[in-house]
1. Amide H neighbours of residue 82 under 5 Å, counting only residues 5+ apart in sequence or on other chains, H built in-plane at 1.01 Å?
2. I'd like the Karplus ³J(HN,Hα) series for segment 72-79: coefficients 6.51, -1.76, 1.60, θ = phi - 60°, whole numbers in Hz, and an x wherever there's a Gly or Pro.
3. At a 10 angstrom cut-off on C-beta neighbours, averaged per residue, how do the peptides 53-63, 87-97 rank from highest to lowest?
Amino acid sequence: KHFQSKLEELFMLKLFPLGPVAPDTVCMVCQNYKKGQCLRGKDKCIMEQGPGCRTRDFFIFSAKDGWRYNHTQLDCYDYCVSSNFYFGDLKISTFCCKGRDFCNIYHGKGQEP
């Protein structure tokens, strides 16, 4: 009898795991996103867990204008960390979000007119 109750307990844990399970998040994928429009590589991806949707704004530096926005890339990324990355005359600003479908289109410069 004890074995059967343990087996039922394990079965129930498999069906209803302990703790909240985060819902899947659908993210926009786009290689070149500007002014609220995907110009190249439009798709979507699904993040089951982890940091989720990523927005990366690309800037190019010039002596005349300073950091000038170039384009935005949108995707899913398991190890997303919000940050600024500098590589010579290139700056990439990264934003991460989850929990709301297509949340990555609401971050960054690509949404601005």
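Readers should treat all values here as calculations from the given coordinates under stated rules, not as data from a laboratory. Predicted, not measured: the structure shown is a model, and the values here were computed from it. Note: ideal-geometry Cβ built from the backbone for every residue, glycine included; neighbour counts use all protein chains shown.
1. The answer is 96.
2. Per-residue couplings from phi come out as 10, 10, 10, 6, 9, 8, 5, 10 Hz.
3. On the way: 53-63: 18.5, 87-97: 14.9.
Highest-to-lowest ranking by the protection proxy: 53-63, 87-97.
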